[in-house]
1. I'd like the full set of residues that are in contact with a helix residue (DSSP H, G or I) (Cβ under 9 Å, 6 or more places away or on another chain) and either farther than 15 Å from residue 268 by Cβ or not in a loop (DSSP other than H, G, I, E, B) (or both), limited to segment 39-60.
2. Return the residues of segment 1-33 that are in contact (Cβ under 8 Å) with a residue 40 or more places away in the chain and either surrounded by 13 or more Cβ atoms within 10 Å (Cβ to Cβ) or under 30 Å from residue 270 (Cα atoms) (or both); say none if nothing qualifies.
3. Criterion first (among the charged types (D, E, K, R) and part of a helix (DSSP H, G or I)) does residue 19 satisfy it?
4. I'm told residue 36 meets every condition in (1) surrounded by 14 or more Cβ atoms within 10 Å (Cβ to Cβ); (2) under 29 Å from residue 261 (Cβ atoms); (3) modelled with pLDDT of 95 or more except one. Can you identify the failing condition by its number?
5. Condition first: among the aliphatic types (A, V, I, L, M), part of a loop (DSSP other than H, G, I, E, B) and more than 17 Å from residue 28 (Cα to Cα). Now tell me which residues in segment 70-114 satisfy that.
6. Write out, first by first residue and then by second, each pair whose Cβ atoms fall under 6 Å of each other, whose residues are 6+ apart or on separate chains, and whose first residue, in segment 106-131, is at positive phi while the second is surrounded by fewer than 12 Cβ atoms within 10 Å (Cβ to Cβ).
7. Right, residue 126: within 29 Å of residue 75 (Cβ to Cβ), in the same structural domain as residue 80 (by TED's automatic domain parsing) and touching a Cys at 6+ places or on another chain (Cβ under 9 Å) or not?
8. Of 132, 126, which residue is over 25 Å from the mean Cα position of the chain (by Cα), outside any helix (DSSP H, G or I) and not polar (S, T, N, Q)?
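The values are calculated or read from the model by the stated rules, or taken from the named source; none is laboratory data. Here the structure is a predicted model, which means the values were calculated and not measured. Here the Cβ positions follow ideal geometry from the backbone for every residue, glycine too, while neighbour counts run over all protein chains shown.
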Amino acid sequence: MTNIKTISDQVLWDLTRSKVQQERNLSLEIIELLREVRTRRLHLERGYESFHQYCVKELKYDDGAAHRRIKALDLVCQIPEVVQCIQTGTLSLTTASQMQNFFNQEAKKDKAYTKEAKLELVISLESKSKREIEKTLATLAPETLKQTEKVRYVSGTHLKVELVIDEVLMKKIQRLKNITSHKNKTIRDLIESLVDDALEKKDPEIKALKILAKNKKTQDVKKAFPEKCNPASPRSRYIPAHIKRQVWVRAKSQCTFIDPVSKFHCTASRFLQTEHIIPFALGGASTLDNLTLLCSNHNKLKALHTFGKSTMDRYLES
C-alpha cells in the first residue's frame, strides 16, 4: 500500500472514496455468495444448525454483523433494486437490515407490505441516518420497533435481558409474584421458578432420567424400556413416549447430524424432532434402533437427500 503520509490531500481524498466504493462492491459480492450458500443449503450440509450460526462460527462475523448481512440478503432477494442503492451508497447494510426487520415485524401483524410498497419506502429512506429511519418507521408503526429483545453480558456469569411487555402481561406477572411471594421476592425469582417448573414438566431428558432412576430401584428397566416399539406395530408411525425419551437421552438433547466431510457435529438444541433413520415411507420401523434426533433444518435436509428436491418442493420453503 502507498505510504499515506507522503501523498497529497487530493490523492488521499480520492483514494479514500475509491476504497469505500470497493468496500461496497465487495459487500455486494459477499451477499451474492451468501445467497448461493443458502440456496444450496451448504451450511446445513456442513453441520450448522442455522444460517446465522454458519455466519458466526464459520465466517467469524459477530452476531450483529451476521444479522445485518442476513437481513440485507433477505431484502435484496425480495427487492433486487436494493442492490443499486447499496452500490451507490444511498443505502447501507445497517439500513437494509433495519428495513427488513421492520417488514418482518409488520408481516407478523398481518400488515405485510407488497413489493412495490417496500420499494417505495426504501427509496424514501435513502441517504437517511439510522435515527431518522427509526423515527420514520416508529411513526408508521409505533409498536413494531419496540418488540426487540436484547440480551448482553454484564459479568462473566450474568446477563442483562431487555424486553417490552404490555400492561396486561405486567399485571399477570405482578399477580403471580404476589401469590407466590413466600418464595418469589423478585421478578427474577419468579422467572427462575417458572422456568424450573416448566423444565421439570416438559424437558424429555429430565423425564427420561427420572423414570430411569425410578425403574433402577425396582429392577424393572427392561420392562420400562423395551428394545422394540411396543405395544405399537413396527409399521406404525406412533412412537411411544418411553421410546422418545430414550432417543432424547441417547442424543443428549441435541441434533445428531454430523457433516461427513468435516465431521462437524450440529449443536442445535431447539426445534428438535424424533426422526426415522430409514424413513417410514421406505419401510423404516418406529423402533429405538431406527430413531434419532434431528433439528428441523437437518430433518428437512435429510428429506431432500432421500426424496429429492422435486418431491419435497411442495412441502419445504425454497
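1. Result: 42, 43, 44, 45, 51, 52, 53, 54, 55, 56, 58, 59.
2. Taking segment 1-33 and keeping what is in contact (Cβ under 8 Å) with a residue 40 or more places away in the chain, we get 20-21, 24-25, 27-28, 31.
Those that are in contact (Cβ under 8 Å) with a residue 40 or more places away in the chain and either surrounded by 13 or more Cβ atoms within 10 Å (Cβ to Cβ) or under 30 Å from residue 270 (Cα atoms) (or both): 21, 24, 27, 28, 31.
3. Yes, satisfied.
4. Only one criterion is unmet by residue 36, namely (1).
5. The one that is among the aliphatic types (A, V, I, L, M), part of a loop (DSSP other than H, G, I, E, B) and more than 17 Å from residue 28 (Cα to Cα): 112.
6. Every condition considered, no pair remains.
7. On the way: within 29 Å of residue 75 (Cβ to Cβ): yes; in the same structural domain as residue 80 (by TED's automatic domain parsing): yes; touching a Cys at 6+ places or on another chain (Cβ under 9 Å): yes.
Yes; evaluated as a whole, the condition is true for this residue.
8. That would be 126, the only listed residue that is over 25 Å from the mean Cα position of the chain (by Cα), outside any helix (DSSP H, G or I) and not polar (S, T, N, Q).
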